[in-house]
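The values are calculated or read from the model by the stated rules, or taken from the named source; none is laboratory data. Model, not experiment: these values are computed from the prediction. Ideal geometry is used to build each Cβ from the backbone, glycine not excepted, and the neighbour counts take in all protein chains shown. All accessible areas refer to the heavy atoms of the entire protein, side chains included, with ligands and DNA or RNA removed. Shrake-Rupley method; radii C 1.70, N 1.55, O 1.52, S 1.80 Å.
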Amino acid sequence: MKKQIKVLTICAMLVALCLPAQAQQPKKVFRIGYLIGGDSTSESARAEGIRLALRERGYIEGQNIAADYRYAEGKLDRFSELAGELVRLKVDIIVVAGGNRINLAAKNATKTIPIVMVGAAIDPVEAGLVESLARPGGNVTGITNLTRELGGKRLELLKEAVPKLARLAVLYEPTAPGQGLDVKEVLSVAARALRLTLQPWEVRDADGLDKVFAAMGKQRPDGLFVSSSRLMSDNQKRIVGFALKSRLPSTYGTREAVDAGGLMYYGADVRDSYRRVAYYVDKILKGAKPADLPVEQPTKFELVINLKTAKQIGVTIPQRVLGRADKVIR
């Protein structure tokens, strides 16, 4: 009996000694690297959406996750450098916000760290980011925004909003993935069906904008279609300013352009896409492989109309179009 008591006492002492050691073991803190094509100001609202969605799933910065942000500020030559920095930090996941170029930079920087993309502008299969949408096959997955497929719909909505529209200037960056093909095939087909004449204008760099604006003014188009690319986003205020000054009804591939004074935006609800990032982060941190997580396409779209701008340029938007808008800026 005494021997049994002695054994039990020793066991109790060992348990007591082990418990504090176990309690002192820190919880795993996952590091998430954010590789962002824009700057902190323009991306702050979207990044906040990711943080809130992660918090809802139990991931709180400073407690069980840490965040490392890298902003390229629209400088293409920094994409690879910043991606490399995050790889050297040995982050657990890289979230990439931007077009296919910055996603490719991340993919080229690592074949092992999971990459969650958000906002890839064109087909990620065509861009070489994934093998297929259903089974990505590598270390990249996430959300793609279907920019190309929506071009025709943007033309249709602009024509409905401005029925007298006949000549439409198209501003695009020919070196951006797929944009030349979009203008020549996707937009041209949609334009013919709507009896619109397209006036394509190539812009290769920010310095070329003023020349294009001057030449465009001489051709006097009835409206302006701005394609979605990093160059267009970085020069958003200049483009919107030109459209306002020229009293041109305009449609854009980014919601922010309409907030800045553009007339219309139709496309994926980007904020919803950013919130969806938390789903992928959660799955991967719990052991899922990017190769097995299907790339998602947007399920929520929005039409945003700036009525203040419409009044400023002398355009009356038909009530049937306003009634379809998800948001009207007054």
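Brief remarks follow.
- R0 of 25 Å, Cβ-Cβ distance residue 286-residue 134: FRET efficiency to nearest 0.05: 0.75
- The antiparallel fraction among DSSP beta bridges confined to segment 220-330 stands at about 40%.
- Counting only protein heavy atoms and a 1.4 Å probe, the chain has 50 square angstrom of accessible area per residue.
- Cβ-Cβ distance of residue 202 and residue 181, R₀ of 22 Å, FRET efficiency by 1/(1 + (r/R0)^6): the value works out to about 0.95.
- Between the alpha-carbon centres of segment 173-210 and segment 97-117 there is a gap of 27 Å.
- Carbon/sulfur fraction of accessible area - the chain, other protein chains in place, 1.4 Å, %: 53
- Amide H partners (placed H, <5 Å) of residue 250, local residues excluded: 224, 263, 264
- HN-Hα J in Hz across segment 276-284 - Karplus 6.51, -1.76, 1.60, θ = phi - 60°, x for Gly and Pro: 5, 3, 4, 4, 5, 4, 4, 4, 5
- The length gained by stretching the chain between residue 320 and residue 111 to full extension, at 0.36 nm per residue less their Cα-Cα distance, is 70.3 nm.
- DSSP bridge analysis restricted to the chain gives an antiparallel fraction near 10%, rounded to the nearest 5.
- Listed pairs 286/327; 28/327; 27/300; 237/311; 107/245 exceeding 30 Å between Cα atoms: 286/327; 28/327; 27/300; 107/245
- Proximity of backbone amide H atoms, modeled 1.01 Å from N, is registered between residue 301 and 269 at under 5 Å, excluding neighbours fewer than 5 places apart on the same chain.
- Among 263, 243, 273 the positive-end extreme of the charge dipole of segment 199-289 (Cβ point charges): 273
- Chain lengthening between residue 247 and residue 52 when straightened (0.36 nm per residue, less Cα-Cα): 66.3 nm
- Folded to 0 to 90 degrees: helix 40-56 orientation relative to the chain principal axis, Cα: 40
- Range in the chain, longest, excluding exposed GluC sites (Glu not before Pro) [loop by DSSP; at most 16 other beta-carbon atoms within 10 Å]: 132-330
- Straight-line reach from residue 164: taking Cα to Cα under 18 Å and skipping same-chain neighbours fewer than 8 places apart, the aspartates and glutamates in range are 156, 222.
- Rounded to the nearest 20 debye, the dipole size of the chain about its Cα centre is 760 debye, using +1 on the Cβ of Lys and Arg and -1 on the Cβ of Asp and Glu.
- For residue 66, the amide hydrogen comes within under 5 Å of the amide hydrogens of 30, 31, 32, counting only partners 5 or more places away or on other chains and with H modelled in the peptide plane.
- Spatially proximal aspartates and glutamates relative to residue 75 (Cα-Cα < 18 Å; intrachain offsets below 8 disregarded): 39, 43, 85, 173, 205, 207, 234
- Segment 285-311 versus segment 238-283: alpha-carbon centroid distance in Å: 12
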